[in-house]
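Structure first, then comments.
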Amino acid sequence: MKILLLDKNHPLITAQLSEKNFILEEDFTSSYEDVGRKIEQYDGIIIRSRIPLDKNLLEKAKNLKFIARVGAGMENIDAEAAETLGIQLINSPEGNRDSVAEHVVGMLLILMNRLFIASQEVKRGIWLREENRGDELLGKTVGLIGYGNMGKATAKRLSGFGCRVIFHDILPGLSDEFATQVSLQELQDSADILSLHIPLTEKTHYLVNAEFIAGMRKDFYFVNTARGNNVDTHSLVMALRSGKVKGACLDVLEYEKSSFENLEADNEDLTYLLESEKVIVTPHIAGWTHQSKEKLAQVIVDKIIASFA
Ligand SMILES: O=C(O)CC[C@@H](O)C(=O)O
């Protein structure tokens, strides 16, 4: 089988798949159009997110049997077209769930205990204690939306901090020793912290909007390591300004592309997020540790070998 690798990943992918007699071709620079011209040659594609694999491209991929996404999010792939064309979709959230979960906990600890701000102040010679009083995770109710790999790994950590973890998911029967499944209404009634662990689809686009935020009974902390477009940023900023959202930890932004330059739009909401002390922003690195790079690659290789070797 001939496989096209469209993004740089851990070298174990090429090494291990070559050993199993797959023919690997690396192409980290060609454009969408270039890929369209040659996609017919391949039986498989391994991708992160460099090129959108839309219907137009997939219809040209006459021999394609699978698309393997090194990562969790598949919003770059037209899943409906892939299904119609009999192309199997594979992803690898098992590889970066632990990294995402640690990132969630880390961001919450930094935000709620003012760790970054206090440290910066001390380094500038400012010694403020009362102003930097923290808020403990212990005893908080955390509401997770989505209880797949990321949600569960997050629940496992936060339950260890003494949080009560509840979650809402479209699949039933997922409660376990770390968290209890509830209705969306129950989650909105009880959560002190809201964290998103859902894919980006038409249904989850702007899931957290003004109406959703108004439906939260308590003032709450908000965490997003899912996708920027799961949230209506303007509504989030309004809620941060009003105090309804006490603080936000954002690893993803609605406006993000692939670099910071792309973020410097003339946008008041973005300016607020970048300047507010109540907001922590990281550059989409929650699932991006040294360890997850290797684990993501290993998971994808194992899944390809299990189905196609
Ligand atoms: O591949 C990336 O750039 C990020 C991956 C991460 O968001 C995921 O969906 O697993």
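The values are calculated or read from the model by the stated rules, or taken from the named source; none is laboratory data. What you see is a predicted model, and the numbers here were worked out from it, not measured in a lab. Cβ sites come from the backbone with ideal geometry, for glycine too, and all protein chains shown count toward neighbours.
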Of the residues in the stretch 172-201 that are in contact with a Phe, Trp or Tyr (Cβ under 8 Å, 6 or more places away or on another chain), of a type outside the set (S, T, N, Q) and free of Cβ contacts under 8 Å to residues at least 40 places away in the same chain, the one that is farthest from residue 299 (Cα to Cα) is 182
Look through the stretch 234-243, keep the residues that are in a helix (DSSP H, G or I) and farther than 28 Å from residue 98 by Cβ, and return whichever of them is farthest from the ligand (Cβ to nearest atom).
-> 242
Where residues in the stretch 62-83 are under 14 Å from residue 94 (Cα atoms) and not in a loop (DSSP other than H, G, I, E, B), which of them is nearest to the ligand (Cβ to nearest atom)?
-> 69
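Only one of 46, 13, 51, 3 is hydrophobic (A, V, I, L, M, F, W, C), part of a strand (DSSP E or B) and closer than 23 Å to residue 286 by Cα. Can you tell me which?
After applying the criteria, what remains is 46.
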Of the conditions (1) crowded, with 19+ Cβ neighbours inside 10 Å; (2) touching a strand residue (DSSP E or B) at 6+ places or on another chain (Cβ under 8 Å); (3) not small (Gly, Ala, Ser), residue 174 clears all except one; give me its number.
-> (1)
Specify which of the listed residues (280, 285, 300) is within 28 Å of residue 118 (Cβ to Cβ), within 16 Å of the ligand (Cβ to nearest atom) and either in a helix (DSSP H, G or I) or among the β-branched types (Val, Ile, Thr) (or both).
-> 285
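Filter the stretch 114-148 for residues that are of a type in the set (A, V, I, L, M, F, W, C) and closer than 28 Å to residue 190 by Cβ and give the result.
The answer is 115, 137, 138, 142, 144, 145.
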Quick one: which residue in 151, 95 is over 30 Å from residue 43 (Cα atoms), buried (at least 17 other Cβ atoms within 10 Å of the Cβ) and within 16 Å of the ligand (Cβ to nearest atom)?
-> 151
Regarding residue 72, is this residue in contact with a Pro (Cβ under 6 Å, 6 or more places away or on another chain) and small (Gly, Ala, Ser)?
-> yes
List every residue pair whose Cβ atoms sit under 8 Å apart, with the two residues 6 or more apart in sequence or on different chains, where the first one lies in the stretch 217-232 and is more than 11 Å from the ligand (Cβ to nearest atom) and the second, anywhere, is of a type in the set (Ser, Thr, Tyr) and at pLDDT below 95.
-> none
If you check every pair at least six apart or on different chains, which have Cβ atoms under 6 Å apart with a residue in the stretch 59-87 that is in contact (Cβ under 8 Å) with a residue 24 or more places away in the chain first and a residue that is assigned to a helix (DSSP H, G or I) and within 16 Å of the ligand (Cβ to nearest atom) second?
-> 68/300; 70/296; 70/300; 72/93
Kindly provide the set of residues from the stretch 128-159 that are farther than 20 Å from residue 225 by Cα and either of a type in the set (A, V, I, L, M, F, W, C) or touching a Phe, Trp or Tyr at 6+ places or on another chain (Cβ under 9 Å) (or both), ordered by number.
-> 128, 135, 136, 138
